[in-house]
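Only one structure is covered here, and it is reproduced in the block below.
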Amino acid sequence: GENVEQHPSTLSVQEGDSAVIKCTYSDSASNYFPWYKQELGKRPQLIIDIRSNVGEKKDQRIAVTLNKTAKHFSLHITETQPEDSAVYFCAARWSSASKIIFGSGTRLSIRP
Amino acid sequence: DTEVTQTPKHLVMGMTNKKSLKCEQHMGHRAMYWYKQKAKKPPELMFVYSYEKLSINESVPSRFSPECPNSSLLNLHLHALQPEDSALYLCASSQEGTGTGNEQYFGPGTRLTVT
């Protein structure tokens, strides 16, 4: 069935260090994988996405990698800053319908 | 303009009330979505409208009734809700299609409390 698994559920890193969040998906035909950042009390905001014809995409301190064979994708944040503290959701677009399925979320805390 | 707006920001209603949530976008997007989000959980899809027609209903109880009056507006009519329906209700929009334009943009949400 439709499923996106996300790990870890919580992550605490020292300011300046890197953070990695991993997701796996079940639909091998999924072709679009967005990542959302949600700060407390605010809307989910799209921070980066990747399509199935690309293996890696980078935007400043944020990068996403996709391994289609293994059906997993990861978010990498380098040189973390206090403002990176938030809940991060991965998602995958379901091939058979116009919808995306969200992972369960990762609460990222940046220690000063 | 890459903004999706929602009104009201907060809503408190009794179980016998009828109320409506409103969502608007002016990005020319042809797909619009309603999500429900409980605390510490991901957004949970409720409805999808594509070209102003309901294309997905995720088995949502009939006390929630969506409406898409035109390509820019999306409403969610609420009637006889239960306390467990209290949540953040998020609207989102995206271009239609399986290629580029899958990006969903979320509104700020309506925080609903059912008493």
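Scan region B:95-115 for residues that are open to solvent by less than 50 Å² (accessible area, probe 1.4 Å), more than 13 Å from the chain's Cα centre (by Cα) and at pLDDT 95 or above and report the count. Here the count works out to 1.
Taking the criterion of being buried (at least 17 other Cβ atoms within 10 Å of the Cβ), of a type outside the set (Ser, Thr, Tyr) and out of contact with any Pro (no Cβ under 6 Å at 6 or more places or on another chain), the residues of region B:35-51 that qualify are B:36, B:42, B:43, B:45, B:46, B:48.
For residue A:110, the stated conditions do not hold, so it cannot be described as in a strand (DSSP E or B) and either within 13 Å of chain B (Cβ to nearest Cβ) or under 19 Å from residue B:88 (Cβ atoms) (or both).
Comparison of B:93, B:55 shows that the only residue that is among the hydroxyl-bearing types (Ser, Thr, Tyr), within 20 Å of residue A:36 (Cβ to Cβ) and part of a strand (DSSP E or B) is B:93.
For residue B:24, are the conditions met, namely being open to solvent by 60 Å² or more (accessible area, probe 1.4 Å), modelled with pLDDT of 95 or more, touching a His at 6+ places or on another chain (Cβ under 7 Å) and not hydrophobic (A, V, I, L, M, F, W, C)? No, not satisfied. The strands (runs of 3 or more DSSP E) falling completely within region A:22-67 that include 1 or more residues that are of a type in the set (Gly, Ala, Ser) map to A:62-67. If you scan region A:26-59, which residues turn out to be away from chain B (no Cβ under 14 Å), open to solvent by less than 60 Å² (accessible area, probe 1.4 Å) and touching a residue at least 24 places away in the same chain (Cβ under 8 Å)? Result: A:26, single match.
Only one of the numbered conditions (1) part of a strand (DSSP E or B); (2) open to solvent by 40 Å² or more (accessible area, probe 1.4 Å); (3) modelled with pLDDT of 95 or more is not met by residue B:88, and that is (2).
Residue by residue, here is whether (1) touching a residue at least 60 places away in the same chain (Cβ under 8 Å); (2) surrounded by fewer than 20 Cβ atoms within 10 Å (Cβ to Cβ) holds:
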position: A:70; (1), (2): no, yes
position: A:77; (1), (2): no, no
position: A:83; (1), (2): no, yes
position: A:95; (1), (2): yes, yes
position: A:98; (1), (2): no, yes
position: A:107; (1), (2): yes, yes
position: A:110; (1), (2): yes, no
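The values are calculated or read from the model by the stated rules, or taken from the named source; none is laboratory data. Nothing here was measured: the structure is a model prediction, and the numbers come from that model. Cβ coordinates were reconstructed from backbone atoms using ideal geometry, including for glycine residues, and neighbour counts include every protein chain displayed. All accessible areas refer to the heavy atoms of the entire protein, side chains included, with ligands and DNA or RNA removed. Shrake-Rupley method; radii C 1.70, N 1.55, O 1.52, S 1.80 Å.
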